[in-house]
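Asker: Sharing a structure with you now.
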Amino acid sequence: MERTRGVLRFFRPARSFRVTSEDIVELPLGELLVRMGRISREQVAEALEIQKEQGGKLGQILIRMGLMSEDEILKTLSIKLAIPLVDLTATEISESVIKMIPLTMVRRFNMVPISKTGNCLSLAIADPARLSETKAIKLLTGCEIQPFLTSQSQIEEAIGRYYEAAHTVDMKKFMSDFDLGIEASLEVVQEEDKSDVATLESDSRQPPVVRIVSHCFIEAIRTGASDIHIEPYEDVLRVRFRIDGVLFEILKVPIKLRDGVISRVKVISKMDIAEKRIPQDGRIKLQVKVDGRMRNIDVRVSTTPTLFGEKVVMRLLDKEGLMLDMSLLGFEPESLKRFEEAIFRPWGMVLVTGPTGSGKTNTLYSAISRLNTPVSNIMTVEDPVEFNIYGINQVQVHESIDLTFASVLRSFLRQDPNIILVGEIRDNETAAIAVKASLTGHLVLSTLHTNDAPSAVSRLVDMNIDPYLVATSVILIAAQRLVRRICTHCKEEVEIPPKGLLNLGFTPEEAETTRIYAGRGCVRCNNTGYKGRIGLYEVMPISPSIRDLMFANAPIADLRKRSIEEGMISLRRSGLDKIKNGITTIEEVFRETF
């Protein structure tokens with residue numbers, strides 16, 4: 001290729017093509033490749049037909065058809081979009097640059113930071129269609145963004161090398177970290193053996209298999225993991241822990257041990273090891289000796305069939321990790337005061353909203369623990385019952401025998417309750433009974449899946465609950481998220497430009513005076529810089545003026561505006577306060593309140 005007076009010449013063996021600079025910018029990729037002489041018009045038409053039927057990017061379709069290589073597509077896009085190419089395999093990225101963007105955002109946007117010069121951050125991307133999403137990185141870092149094109153495979157390799165390598169444990173090292181007798185420190189309580197499939201049962205009792213499963217439990221408890229994921233792939237069995245809400249790869253087990261490891265988990269969780277075609281659920285009760293003391297752990301186990309075998313997810317329910325002191329959950333003082341005023345009301349409905357894993361159950365358990373007195377009859381219906389609390393009557397949902405949220409709620413109304421906790425309002429029937437209970441002299445606590453507090457109103461209306469019933473029954477809605485705490489052992493101050501703080505939502509005065517902290521990474525926090533989590537809360541009491549808006553079925557934006565005018569602290573503002581107090585990082589708040 002050579003450039004002459006604004007004209008690009010592309011040479012092929014038989015002939016040459018002339019394409020103006022204006023053509024390069026304006027022409028679609030397929031037409032540009034035709035004019036460059038790389039492929040024929042008929043081949044482009046065939047690729048466009050495939051795109052019409054199957055979807056996807058034209059460039060990827062041409063690669064699959066064998067008409068173009070990935071490098072050729074990237075070079076053409078680089079010329080068309082005037083974005084330079086970068087070879088990440090030959091680029092060394094500094095630790096300080098890597099720390100500017102957390103793993104969760106790198107994964108979400110499929111971009112990797114390369115270098116920082118002055119106020120300019122170089123960013124490698126694989127999909128030019130996502131260029132607009134670099135605005136989020138600009139907002140987070142306060143830097144101007146210089147994009148570079150690279151392949152998807154190089155993006156994945158860089159993420160694994162710079163972000164995830166520190167959390168992957170070599171199999172040999174993993175096995176050498178504990179002695180042959182470590183399974184003696186873990187006891188499965190009330191284990192029930194199965195003998196349907198002799199081979200599987202035999203595999204599940206082989207010493208390497210027992211040791212791997214036992215040590216996974218012990219390490220998960222020691223590191224504070226909430227979940228263990230065991231995932232079969234074509235040539236390896238991957239084990240990951242969810243620690244403080246983020247998944248980390250911990251171990252890769254040889255594929256020859258796959259059936260034995262999965263069968264071991266199924267045996268001790270009382271599942272049918274012969275059945276691999278359908279999902280199964282089970283439970284394990286463990287007594288584990290960790291760091292010199294015995295711990296009682298309940299484990300909820302779920303399996304589901306995948307392409308290369310059964311995937312297992314185990315939720316560790318550690319009562320010691322249950323935080324019941326409401327003052328430590330993360331509420332701002334004024335938000336906590338409003339929440340407590342609502343839960344001490346004799347009747348009405350209090351809703352806690354947020355996505356799965358945002359800590360809603362912990363907040364509700366904390367609330368009913370405050371209300372748990374000998375003079376109160378507290379009844380809960382949950383799916384599942386995660387923790388048993390003395391003095392509270394808890395019912396487990398069983399759909400298979402028609403013991404649903406709605407049917408249990410109906411029976412509760414004949415049990416003389418003062419306070420009812422509904423694990424989740426999922427449908428119209430449950431919502432209608434819960435509203436009825438709150439209007440007939442009961443305090444009802446429950447959860448909904450919505451993005452913020454005001455959206456819970458429209459969610460109930462979508463469930464065919466009349467707006468006037470929502471307005472008269474609901475007394476408070478709280479939305480929440482969980483963010484990771486900065487590790488106190490490696491906490492250090494970091495430099496963030498005031499412009500970046502302004503973009504995040506700080507006032508000009510705060511942007512000049514706020515000191516920002518992050519974790520450097522140490523042994524105590526598994527080199528993540530984070531240890532533990534804390535909640536962000538958005539608490540919206542239903543005042544008379546907000547109730548009037550609800551009667552009128554006002555838009556969500558109007559509810560939010562009025563609530564903020566009346567003092568509601570938003571999720572973002574709750575996060576900014578925790579950044580100011582050195583509790584969490586900008587990356588965490590940005591991730592959860594984006």
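Asker: The conditions are (1) open to solvent by less than 10 Å² (accessible area, probe 1.4 Å); (2) in contact with a Lys or Arg (Cβ under 8 Å, 6 or more places away or on another chain), and ILE425 fails exactly one of them. Which is it?
Answerer: Among (1) open to solvent by less than 10 Å² (accessible area, probe 1.4 Å); (2) in contact with a Lys or Arg (Cβ under 8 Å, 6 or more places away or on another chain), the lone unmet condition for ILE425 is (2).
Asker: Okay, next question. Which one of these is farther than 30 Å from ILE564 by Cα, within 25 Å of the chain's Cα centre (by Cα), of a type in the set (Ser, Thr, Tyr) and buried (at least 18 other Cβ atoms within 10 Å of the Cβ): THR303, THR363?
Answerer: Just one listed residue meets the conditions, THR303.
Asker: Considering only residues of region 73-114 that are open to solvent by 10 Å² or more (accessible area, probe 1.4 Å) and assigned to a strand (DSSP E or B), which is nearest to GLY59 (Cα to Cα)?
Answerer: Here the answer is LEU85.
Asker: Taking the options LEU371, LEU409, LEU413, name whichever one is open to solvent by 30 Å² or more (accessible area, probe 1.4 Å) and aliphatic (A, V, I, L, M).
Answerer: Checking each option against the conditions leaves just LEU413.
Asker: Does at least one position in region 272-287 carry a residue that is open to solvent by less than 30 Å² (accessible area, probe 1.4 Å) and small (Gly, Ala, Ser)?
Answerer: yes
Asker: So, one more: Select, from ARG547, ARG560, ARG533, the only residue that is in a strand (DSSP E or B), in contact (Cβ under 8 Å) with a residue 60 or more places away in the chain and either open to solvent by 10 Å² or more (accessible area, probe 1.4 Å) or closer than 19 Å to ILE98 by Cα (or both).
Answerer: Criteria check complete, one pass: ARG533.
Asker: Looking only at strands (runs of 3 or more DSSP E) that fall completely inside region 195-276, which ones have 3 or more residues that are closer than 30 Å to PRO102 by Cβ and at pLDDT 90 or above?
Answerer: The strands (runs of 3 or more DSSP E) meeting that bar are 225-232, 236-243.
Asker: Right, GLU538: among the acidic types (Asp, Glu), in a strand (DSSP E or B) and touching a Ser or Thr at 6+ places or on another chain (Cβ under 9 Å) or not?
Answerer: Spelling it out, GLU538 is indeed among the acidic types (Asp, Glu), in a strand (DSSP E or B) and touching a Ser or Thr at 6+ places or on another chain (Cβ under 9 Å).
Asker: Here's something else I'd like to know. Are any residues in region 291-308 over 20 Å from ARG264 (Cβ atoms) and either at pLDDT below 85 or hydroxyl-bearing (Ser, Thr, Tyr) (or both), and if so, which ones?
Answerer: ASP291, GLY292, ARG293, MET294, ARG295, ASN296 - these are the residues of region 291-308 that are over 20 Å from ARG264 (Cβ atoms) and either at pLDDT below 85 or hydroxyl-bearing (Ser, Thr, Tyr) (or both).
Asker: Is it the case, given these coordinates, that GLY59 is modelled with pLDDT of 75 or more and either open to solvent by less than 80 Å² (accessible area, probe 1.4 Å) or assigned to a helix (DSSP H, G or I) (or both)?
Answerer: Here the answer is no, as GLY59 does not meet what is asked.
Asker: On to the next question. Against the conditions (1) of a type outside the set (A, V, I, L, M); (2) open to solvent by 10 Å² or more (accessible area, probe 1.4 Å); (3) over 21 Å from ALA367 (Cα atoms), where does GLY500 fall short? Just the number, please.
Answerer: (2)
Asker: May I ask you to list the residues in region 95-128 that are out of contact with any Asp or Glu (no Cβ under 8 Å at 6 or more places or on another chain), closer than 19 Å to GLY500 by Cβ and not β-branched (Val, Ile, Thr)?
Answerer: Scanning region 95-128 gives SER96, LYS99, MET100, ARG108, PRO113, SER115, LYS116, GLY118, SER122, LEU123.
The values are calculated or read from the model by the stated rules, or taken from the named source; none is laboratory data. Being a predicted model, the structure only gives us computed values, none of them experimental. Note: ideal-geometry Cβ built from the backbone for every residue, glycine included; neighbour counts use all protein chains shown. Please note that ligands, DNA and RNA were not included when accessible areas were found on the heavy atoms of the full protein model with its side chains. Shrake-Rupley method; radii C 1.70, N 1.55, O 1.52, S 1.80 Å.
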